[in-house]
Amino acid sequence: MNFRVVLALAATLALASSRAALAQVDPEDAAADVPPEPEANIAVFKETTIVAPFIEQFTPTTSKRWFPSESKKVVDGVEDESLLNYRGQWKIEEASVFPALVYDKGLVVKTAAAHHAISALFPEPVDNTDNTLVVQYEVKLQNGLECGGAYMKLLTYDPDFDPKKLVNKTPYTIMFGPDKCGATNKVHFIFRHKNPITGEYEEKHLKNPPSVKVSKTSTVYTLIVRPDNEFDILINNESVKAGNLLVDFAPEVNPPKEIDDPEDFKPSDWVDEAKIPDPDAVKPDDWDEDAPRQIEDEDAIKPDDWLEDEPSTVPDPESVKPDDWDDEEDGDWVPPTVDNPKCAEVSGCGPWTRPMKPNPDYKGKWKASMIDNPAYKGPWGPRKIPNPDFFEDLHPSNFDKIGGIGFELWTMQDGILFDNIFVGHSEADAQAFLEETWAVKSKLESVQEKKEEPKADAASDVPFMTRVTDFVQDMRDRIVDVITNAQTDPVEAIKDDPVATAVGLGIIGWGLVSIFSLISMYARGKPAPAASDATGAAKKSDAVTEDDGNGAAAASSSEVPKAEKKDGAVKRSAAKKSDD
């Protein structure tokens with residue numbers, strides 16, 4: 001790879017980090033690209049007639065109300081704009097994996113390994129006072145979910161809120177939905193509760209939340225909160241967690257009525273040890289603290305068939321010294337050892353020793369027995385006093401008014417699709433909406449998914465090295481495309497294929513490190529190993545390595561004739577020149 005290529009990729013990264021990558025959602029996307037005629041397992045999208053405070057199916061009309069954030073995350077101590085920018089792009093488009101309904105579009109995360117933020121305002125604020133709240137939406141993880149969030153935030157009503165200024169600190173009333181990364185695997189349900197005394201807000205987190213359902217088919221998440229504070233979380237129309245806002249959240253909504261008196265301290269003469277060593281106890285004269293726990297079994301007798309002169313392992317008689325083993329470079333060749341076959345059918349081999357048995361005289365360290373403490377007063381605790389911060393909110397389900405919905409996320413995977421959002425008060429309407437959207441779509445997606453299973457099984461039967469070769473060839477072509485496109489628009493080149501860009505830069509970095517290493521070796525007067533030596537070293541490594549690093553077993557050099565290896569090396573060299 002020449003020096004101009006290095007400069008092109010380096011310039012591409014530099015420009016990408018200095019320019020904002022936020023993309024406005026184009027409402028016309030919802031009407032563009034007329035899809036093909038529906039197949040047998042594909043139906044046509046129909047807009048719902050159900051009415052609710054907020055329903056979003058990403059039609060050309062409703063798509064216009066979504067605005068990506070033009071602000072930056074607010075993180076204390078972090079000033080690097082590349083880490084704070086909401087550079088993740090959004091697009092309203094049809095599903096690319098298991099498309100089930102023609103003309104059915106959703107809001108799709110388009111950028112991997114990026115912060116994303118987008119929101120839409122409700123026509124009118126949603127007031128849940130003395131009412132049921134139902135929140136429902138579909139998530140389709142088209143590229144899976146290894147590390148990222150797919151949850152929504154119901155934004156607290158603020159008449160002055162600008163959707164283009166959505167950030168992580170924007171007040172929300174409820175946060176609900178899947179989040180998975182590392183040890184985290186949960187469906188969030190968090191609500192912000194206002195302290196009626198101080199006016200401060202505190203997040204209340206659901207204890208023991210359900211796990212995320214990771215699937216490339218559509219998954220519908222439903223949250224129902226009723227006026228009696230009972231809640232229910234459903235995944236794919238099945239209840240996975242139910243409880244009460246006053247019981248199942250931490251910290252609890254209402255503080256305790258009484259607290260420990262901070263001015264009450266434990267008296268210095270308070271005795272809270274219930275037992276003490278008996279002061280009158282005396283160690284018996286025959287108590288031997290030095291006696292070992294185990295001793296040799298003097299009654300044991302060496303078995304008659306024990307072969308004391310036979311070692312337990314012997315050199316492998318079938319092992320052969322590799323043809324290319326160099327004693328001067330590699331040292332004396334020692335064959336591997338195997339279990340001695342003579343020991344297989346006898347009691348044992350090698351020096352015989354008596355087994356150990358428990359020592360009947362062992363007593364261990366002597367300790368005085370414990371007796372009741374005559375001065376014991378019981379466990380001490382501070383006295384209780386009324387909690388000055390006590391309040392009692394018996395209706396936390398009367399959430400703050402909700403003014404909009406936002407997705408403020410970090411995700412390593414792109415392709416997350418959101419669709420069919422419902423926010424309202426009617427459980428029946430939400431169920432009917434689910435039946436005419438997700439229920440129809442899910443059946444069609446399942447049919448397509450089952451058709452893909454034989455293809456996946458067939459792909460798994462392809463030889464490992466063939467798959468590796470195909471992957472390398474594909475990655476090489478993608479890197480070339482990135483380099484070519486970077487000459488006209490570096491930023492778009494990275495956005496089109498960030499994975500190939502990263503791999504290409506990794507190869508460049510490895511090459512530079514190798515060059516510097518060679519220069520350093522020559523500077524110290526140590527010539528680099530010749531190509532033939534490197535090849536020989538690789539062969540020797542094969543002789544003792546069980547895994548070649550790619551999951552394939554490495555062949556012993558004794559099993560491959562030397563001429564064939566050299567021939568293979570020539571072929572690989574010729575292939576490399578051809579690729580270049």
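Taking the alpha-carbon set of the range 215-306, what are its Rg and Dmax in Å?
33.0, 84
Where does each of GLU81, GLU124 land when they are ordered by accessible area, with a 1.4 Å probe and the largest first? Provide the component values of the computation, followed by the final result.
Working: GLU81 100, GLU124 125 Å².
Greatest to least solvent exposure: GLU124, GLU81.
What's the center-to-center distance, using Cα atoms, between the range 349-426 and the range 134-205 in Å?
24
Roughly how many nanometres apart are two label points built 7 Å out from the Cα toward the Cβ at SER96 and ALA300?
A separation of 6.8 nm, rounded to one decimal place.
Using a 1.4 Å probe and counting only protein heavy atoms, arrange ARG192, ARG87 so the residue with the most accessible area comes first.
Working: ARG192 50, ARG87 85 Å².
My answer, sorted largest first, is ARG87, ARG192.
Please give the net charge around ARG226, taking every other residue with its beta carbon less than 10 angstrom from that of ARG226, where Lys and Arg add +1 and Asp and Glu add -1. Walk me through the intermediate numbers first.
On the way: positive: none; negative: ASP228, GLU230, ASP232, GLU427.
Spelling it out: positives minus negatives among the neighbours equals -4.
Quick one: how many Å² of MET475 are accessible to a 1.4 Å probe, rounded to 10?
Ignoring ligands and nucleic acids, MET475 comes out at about 10 Å².
Would you check the accessible area of LEU141, probe 1.4 Å, heavy atoms only, in square angstrom rounded to 10?
Result for LEU141: roughly 10 Å² accessible.
For each pair in LYS73/LYS216; LYS165/LYS441; LYS266/LYS384; LYS140/LYS186; LYS207/LYS266; LYS283/LYS363, compute the distance between the two Cα atoms and list the pairs where it is over 23 Å. Don't skip to the end; give the middle numbers.
Working: LYS73/LYS216 29 Å; LYS165/LYS441 34 Å; LYS266/LYS384 14 Å; LYS140/LYS186 16 Å; LYS207/LYS266 34 Å; LYS283/LYS363 12 Å.
Result: LYS73/LYS216; LYS165/LYS441; LYS207/LYS266 exceed 23 Å.
Describe numerically, in nm with one decimal, the distance between label points set 7 Å from Cα along Cα→Cβ at ASP288 and at ARG354.
1.4
GLY348's amide H: which non-local residues (gap 5+, or another chain) put their own amide H closer than 5 Å, with H modeled 1.01 Å from N in plane and none for Pro or chain starts?
LEU307
Ordering GLU200, GLU427, GLU453 by how much accessible area each has at a 1.4 Å probe, largest first, what is the list? Present the calculation step by step, with values, prior to reporting the outcome.
Values: GLU200 125, GLU427 70, GLU453 100 Å².
So the residues, ranked largest to smallest area, are GLU200, GLU453, GLU427.
Using the Cβ atoms and a cut-off under 15 Å, what net charge is assigned to the surroundings of GLU258, where Lys and Arg are +1 and Asp and Glu are -1?
Working: positive: LYS257, ARG383, LYS384; negative: GLU252, ASP260, ASP261, GLU263, ASP264, ASP389, GLU392.
Surrounding charge for GLU258 is -4.
The values are calculated or read from the model by the stated rules, or taken from the named source; none is laboratory data. Just so it is clear, the structure is predicted and the values come from calculations on it, not from any experiment. We place every Cβ from the backbone using ideal geometry, glycine too, and count neighbours over all the protein chains shown. To get the accessible areas, we keep the full protein, side chains included, count just its heavy atoms, and leave off ligands, DNA and RNA. Shrake-Rupley method; radii C 1.70, N 1.55, O 1.52, S 1.80 Å.
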